Amino acid sequence: MSAIKERRERERAQRHQLIITAARELAEAEGWEAVTTRRLAERVEYSQPVLYSHFRGKDAIVRAVAIDGFGELAAHLRRARSAAPEPRQALHAVCRAYLGFATERPALYRAMFVMPTDVKFAHAETPPQLRASFDEFVSCFRPDNARRELSAEVVWSALHGIAVLSDSGRIPPDGQKERLDFLVTRLADTAS
């Protein structure tokens with residue numbers, strides 16, 4: 001590959017990431033309704049046709065932001081799990097980290113789990129970043145536990161419910177610790 005072609009590909013990748021970052025920042029500041037191709041083009045200082053050369057439209061941008069977020073979530077959960085010495089503590093740490101992630105990055109969380117996208121969960125086409133996030137939950141359960149993936153799904157589902165209900169104000173945020181302790185305690189026997 002020529003040096004010129006490599007440079008162009010590197011610049012294209014940088015532009016691609018710049019668009020994803022700008023969409024995420026705009027969504028966090030003003031909500032996903034504010035993310036339009038026109039506003040993004042202005043923000044990244046490229047024309048709309050350049051933007052469309054990277055993404056077909058807003059849905060493709062949301063998908064890219066979500067996949068980027070799954071990579072970030074996986075790293076966040078890995079750090080939490082690695083810092084805990086035993087399975088029960090690891091499960092608690094991962095759950096706490098997950099809820100913290102959802103609270104600290106609400107627009108990103110919505111792109112990942114609430115907004116409609118074509119990202120496939122629990123499928124052969126599941127992006128590796130999403131699988132890595134799920135694997136952090138699975139790793140909190142004993143390897144000899146035949147139901148460790150099911151346990152991980154149930155925990156993730158419960159946490160997602162807590163995150164969405166908290167974000168929408170349907171359950172009070174001051175009960176978060178108690179909910180988390182209850183969830184982890186009920187699943188502790190399968191974790192250790």
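Residue count for the stretch 24-52 under the criterion of being over 20 Å from THR117 (Cβ atoms) and either in contact (Cβ under 8 Å) with a residue 60 or more places away in the chain or not assigned by TED's automatic domain parsing to the domain that holds GLU11 (or both): the result is 0. For the stretch 121-144, the set of residues classified as modelled with pLDDT of 90 or more and exposed (fewer than 14 other Cβ atoms within 10 Å of the Cβ) consists of PRO128 only. With respect to being at pLDDT 95 or above and assigned by TED's automatic domain parsing to the domain that holds LEU187, LEU73 fits the description.
Only residues that are among the hydroxyl-bearing types (Ser, Thr, Tyr) and in contact with a Ser or Thr (Cβ under 7 Å, 6 or more places away or on another chain): list them for the stretch 146-177, please.
SER151
Counting only residues that are of a type in the set (Lys, Arg) and in contact (Cβ under 8 Å) with a residue 40 or more places away in the chain, the stretch 56-89 holds 4 of them.
Going through (1) exposed (fewer than 14 other Cβ atoms within 10 Å of the Cβ); (2) closer than 30 Å to VAL35 by Cα one by one, HIS76 falls short only on (1).
When we screen TYR52, TYR98 for residues that are closer than 20 Å to THR21 by Cβ and in contact with a Ser or Thr (Cβ under 9 Å, 6 or more places away or on another chain), the only hit is TYR52.
Name the residues in the stretch 153-188 that are part of a loop (DSSP other than H, G, I, E, B) and either in contact with a helix residue (DSSP H, G or I) (Cβ under 8 Å, 6 or more places away or on another chain) or more than 30 Å from HIS123 (Cα to Cα) (or both), would you? Within the stretch 153-188, GLY169, ARG170, ILE171, PRO172 meet the criteria. Hey, does the stretch 94-112 have a residue that's β-branched (Val, Ile, Thr) and surrounded by fewer than 20 Cβ atoms within 10 Å (Cβ to Cβ)? Yes, there is a match, as at least one residue in the stretch 94-112 is β-branched (Val, Ile, Thr) and surrounded by fewer than 20 Cβ atoms within 10 Å (Cβ to Cβ).
The values are calculated or read from the model by the stated rules, or taken from the named source; none is laboratory data. Only a predicted model underlies this, so the values are computations on that prediction, with no experimental measurement involved. For neighbour counting, all protein chains shown are included, and Cβ atoms are generated from backbone atoms with ideal geometry for every residue, glycine included.
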